[in-house]
Amino acid sequence: MRFAFGTLTVFPVRITRWDRPAARTGMLCAPLAGLAVGLCAAALGATLVLLSAGPLLAAVATVCVPAALTRALHLDGLADTADGLGSAKPAETALRIMKQSDVGPFGVVVLLLSLLLQVAALADLYAGGWARGALAAVTAAVAARLALTLASGAGAPA
């Protein structure tokens, strides 16, 4: 559990082991870290809707919370992947591009569109009530970390 929270969130958790068994168990616990992040995001969004701040503001705030609580790890990975795949270069060169610390034009465009899509979807849901938006925020955060768990499982291709 500490491995999952320590690597996937900014929550102050001390990781005592960095070996394969700890990582394996940590990835099994990843959806719990997602649940914590999702609940924080949902709490802020729902509170804003209940305070009549409007669904758009609630959606933007909800999208900001996971970025802040995960050190934007998922956004960095998305940008790196977009830059590598968008380069249309051979696999070795694409991997080198993905490892670079800068963000290229494909990464910027994909990040922008992804965040706009998330905000639009959440704003639509919050417009139907705080509970719908909050449930979507929690579900998305848990599902994303569950995908990580499944992708880390034995037999999943690299």
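What to note about this one:
- About its Cα centre, the stretch 85-158 has a charge dipole of approximately 120 debye under the convention of +1 per Lys or Arg Cβ and -1 per Asp or Glu Cβ, with nothing else charged.
- Sites matching trypsin sites (Lys or Arg not before Pro) across the stretch 58-134 that sit in DSSP coil, with at most 13 neighbouring C-beta atoms within 10 Å: ARG71
- Phi to ³J(HN,Hα) by Karplus 6.51 cos²θ - 1.76 cosθ + 1.60 over the stretch 114-120, Hz, x for Gly, Pro: 5, 5, 5, 4, 4, 5, 4
- The stretch between LEU117 and LEU150 holds 9.4 nm of extra length on full extension. This uses 0.36 nm per residue minus the Cα-Cα distance.
- Extension gain, LEU85 back to VAL13 (0.36 nm per residue minus Cα-Cα distance, nm): 22.5 nm
- In this simple spin-label approximation, ARG71 and LEU28 carry label points 7 Å from Cα along the Cα→Cβ vector, and these lie 2.5 nm apart.
- Note on ALA43/GLU92: beta-carbon distance plugged into 1/(1 + (r/R0)^6) with R0 of 41 Å gives a FRET efficiency of 0.40.
- The stretch 1-137: translational diffusion in µm²/s, Stokes-Einstein, Kirkwood Rh over Cα pairs, 37 °C, 0.692 mPa s: 200
- Prolate/oblate/rounded call for the stretch 5-71, Cα gyration tensor, a/c under 1.5 rounded: prolate
Here, each number is a calculation from the coordinates, and none is a lab measurement. Treat the numbers as computed from the prediction; the structure is a model and nothing was measured. Neighbour counts are summed over all protein chains in view; Cβ atoms, including those assigned to glycine, are modelled from backbone coordinates with ideal geometry.
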